[in-house]
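Quick notes on the structure that follows.
The values are calculated or read from the model by the stated rules, or taken from the named source; none is laboratory data. Keep in mind it's a predicted model, so treat the numbers as computed, not measured. Every residue, glycine among them, receives a Cβ derived from its backbone with ideal geometry; neighbour counts consider all protein chains shown.
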Number of protein chains: 2
Amino acid sequence: MPPTSTSVARYAGVSRATVSYVLNGLAAGRVSPATQEKVREAAEELGYVPHAAARSLRSGSSGLVLIAVPADVVPAFGPLFTGFIAAFQAELQAYGHTGVLHGASAGDTPQAAVRAWAELRPAAVIAMIGAPLDEASVEILKRSGTFAVVSYGPPPAPGAHGIAMDQEEVGAVAAAHLLAGGRRDIGVVVPVEHGLGLFSQPRLKGVRAVAATCPGARVVPVELAYTEESAAELADRWRDLGLDAVFAYNDEYAMLLMRALQDAGVDVPGDVAVVGADDLLLGRLLRPTLTSVRIELPPPAEVAALVDRLIREPETPPAVHRRSTAHIEVRESSRRPAG
Amino acid sequence: MPPTSTSVARYAGVSRATVSYVLNGLAAGRVSPATQEKVREAAEELGYVPHAAARSLRSGSSGLVLIAVPADVVPAFGPLFTGFIAAFQAELQAYGHTGVLHGASAGDTPQAAVRAWAELRPAAVIAMIGAPLDEASVEILKRSGTFAVVSYGPPPAPGAHGIAMDQEEVGAVAAAHLLAGGRRDIGVVVPVEHGLGLFSQPRLKGVRAVAATCPGARVVPVELAYTEESAAELADRWRDLGLDAVFAYNDEYAMLLMRALQDAGVDVPGDVAVVGADDLLLGRLLRPTLTSVRIELPPPAEVAALVDRLIREPETPPAVHRRSTAHIEVRESSRRPAG
DNA sequence: TTGAAAGCGATACCAC
DNA sequence: GTGGTATCGCTTTCAA
């Protein structure tokens with residue numbers, strides 16, 4: 001029922017081959033301008049849209065770049081990350097690729113998820129953050145014709161390229177700042193929300209690593225849900241914990257906890273220094289203003305350029321291509337107490 | 001190079017037909033258990049992954065459900081919306097469809113964007129919020145074999161189904177609350193950020209509609225960028241505007257503006273009532289706590305069920321299927337002044 | 001119980 | 001300049 005290149009050929013009174021040449025811009029010197037015009041008009045008239053499946057069948061690869069995201073992490077993506085994805089898709093389009101976001105449902109095994117991607121014969125797969133990707137998965141993709149497999153976030157599995165995002169550094173930067181300010185008993189918020197373990201565990205590890213270099217320093221993980229009740233409950237038993245600093249996972253948890261602490265009569269930064277992460281604008285609206293670790297993601301344009309290059313030169317040996325960096329933005333919530 | 005069903009057949013010593021039956025679960029009573037086992041082993045051994053393009057070519061439709069989002073709006077999506085999309089994708093998978101997010105870059109004409117979607121021969125297209133979709137576009141999709149075209153947000157173009165999200169109601173609810181509180185001069189924040197006009201204009205219209213029913217009420221649109229500088233600048237000239245209330249587009253803009261007003265010595269809610277939207281947790285952490293319009297999106301499960309039904313029964317006449325609703329959560333920032 | 005073969009739509013080589 | 005045609009991988013009917 002939908003018009004095919006055959007319909008167009010019939011309508012224009014030419015062969016399918018001619019239609020193909022004209023509509024793909026390979027007609028120069030092959031097809032007369034008059035015929036070209038006829039073909040184009042016919043296509044327009046019939047509302048012809050080429051069939052991507054037929055083309056990929058022929059060419060061996062859909063032009064798709066699959067951006068794989070684990071479904072359970074998506075809601076936790078802040079503006080930082082959704083912004084990156086949007087810009088990345090736009091950049092890909094400029095290179096002539098079609099970026100498409102494909103969820104990996106939490107229940108599936110890595111293998112199952114990867115098979116679903118491989119069925120689409122994508123030109124490249126970029127697995128974001130918590131998307132499952134082990135050596136076997138990379139192998140499946142490669143064997144099914146995927147030119148480039150890139151892991152964005154965690155260290156890449158063997159055979160895959162990587163864009164490293166060092167979550168440990170985030171924790172390390174926060175810890176270094178707190179220790180330099182004379183704090184010694186550092187709480188580290190570990191969100192109980194699903195899917196965040198991939199961020200929070202390395203951040204905790206980063207804090208621990210730095211604290212280990214500082215005699216007398218102590219690190220205490222504290223669980224927190226993103227609700228007022230959970231924060232109030234934690235604030236209530238705060239004094240028992242004996243902590244003089246807290247790295248609160250990110251700015252949102254930090255703001256939540258800071259408010260609860262204040263409501264419970266704990267002084268920030270007097271009794272306890274609070275550090276968030278992501279450097280959200282909102283953190284500057286609270287009083288005290290919120291100290292935050294600013295994370296710089298690799299620019300989407302660079303990542304798109306990399307993916308394009310890897311598609312064009314599939315033989316490029318796997319490597320880790322760029323690291324995100326983390327900087328501390330010091331504000332009031334972690335200032336050294338006057339005393 | 002990648003293994004095909006032919007490779008599997010050869011490896012297992014059977015015909016391609018047999019392979020197809022076994023791997024698609026249609027082997028009951030057709031193929032002996034022993035042969036089935038052989039086939040499955042061969043597929044496993046070779047790392048066989050079926051070619052989605054070949055299958056859709058044969059069957060006439062890819063199982064894809066295209067979730068179309070305008071690239072320039074994505075960064076503005078709050079957790080409300082990204083959460084919806086993630087859950088929606090998961091629900092679709094349960095129905096056996098493959099939900100895929102496809103960006104529509106801002107520069108493209110509706111026609112160009114729609115052609116890109118139509119090439120994939122999706123079973124259904126759901127155009128979120130600002131995704132371009134006019135009558136001609138719907139026609140192109142339908143003619144290329146798309147069973148269902150659903151517009152999520154704006155009123156659907158002729159021929160498309162709709163899930164209505166009434167942005168005017170958001171403004172109306174906010175305005176009604178402010179007027180009931182005795183406010184008469186209502187500022188309405190219009191973000192200057194790209195891609196937000198689709199939300200802000202209807203919200204402004206909703207405020208205007210309600211204000212028109214109230215003698216003496218005045219509505220003043222005020223532009224604001226999501227930066228501290230812009231907010232400070234607006235706060236500086238606030239008194240000249242002579243407003244005693246403001247509907248600040250959403251909670252984030254509201255928090256930004258409220259802080260700037262307070263810093264400029266304007267009392268909230270004494271001098272001016274502030275109302276946001278989205279009912280973010282963070283709005284409850286500020287002092288005064290933020291009054292907000294809570295928007296209830298249609299549940300993802302329901303939307304997925306609808307899409308599945310429309311795919312199965314493509315003849316269903318286009319209709320608007322469900323409306324989001326808006327409620328006001330009254331908090332301190334809009335309390336009636338004591339006097 | 002299994003296999004042969006037609007055909008989905010587009011491409012590109014080769015002949016005219 | 002233009003047209004025939006083999007081919008990509010898979011499904012499914014029909015015959016054996």
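Assorted remarks:
- From B:Arg115, B:Arg55, residue being basic (Lys, Arg) and more than 30 Å from B:Arg16 (Cα to Cα): B:Arg115
- Some residue of the stretch A:13-24 being surrounded by 19 or more Cβ atoms within 10 Å (Cβ to Cβ), out of contact with any Phe, Trp or Tyr (no Cβ under 8 Å at 6 or more places or on another chain) and assigned to a loop (DSSP other than H, G, I, E, B): yes
- The requirement of being within 14 Å of another protein chain (Cβ to nearest Cβ), over 20 Å from the mean Cα position of the chain (by Cα) and either away from DNA strand C (no atom under 15 Å from the Cβ) or modelled with pLDDT under 90 (or both) is fulfilled nowhere in the stretch A:11-22; no residue meets it.
- Matching residues, the stretch A:67-121, being among the acidic types (Asp, Glu) and facing chain B (nearest Cβ under 7 Å): A:Glu119
- Here B:Asp308 meets the list (1) part of a loop (DSSP other than H, G, I, E, B); (2) surrounded by 20 or more Cβ atoms within 10 Å (Cβ to Cβ) almost entirely, failing just condition (1).
- Any hit, the stretch B:31-53, residues being within 15 Å of the chain's Cα centre (by Cα), at pLDDT below 90 and either hydrophobic (A, V, I, L, M, F, W, C) or not assigned by TED's automatic domain parsing to the domain that holds B:Val307 (or both): no
- Leading residue by the ranking (surrounded by the fewest Cβ atoms within 10 Å (Cβ to Cβ)) among those in the stretch B:281-305 that are part of a loop (DSSP other than H, G, I, E, B) and more than 14 Å from chain A (Cβ to nearest Cβ): B:Pro299
- Whichever residue in the stretch B:51-60 is touching a residue at least 12 places away in the same chain (Cβ under 8 Å) and surrounded by 19 or more Cβ atoms within 10 Å (Cβ to Cβ) and, among such residues, is nearest to A:Ser59 (Cα to Cα): B:His51
- Any hit, the stretch B:248-262, residues being over 25 Å from the mean Cα position of the chain (by Cα) and over 28 Å from B:Gly78 (Cα atoms): no
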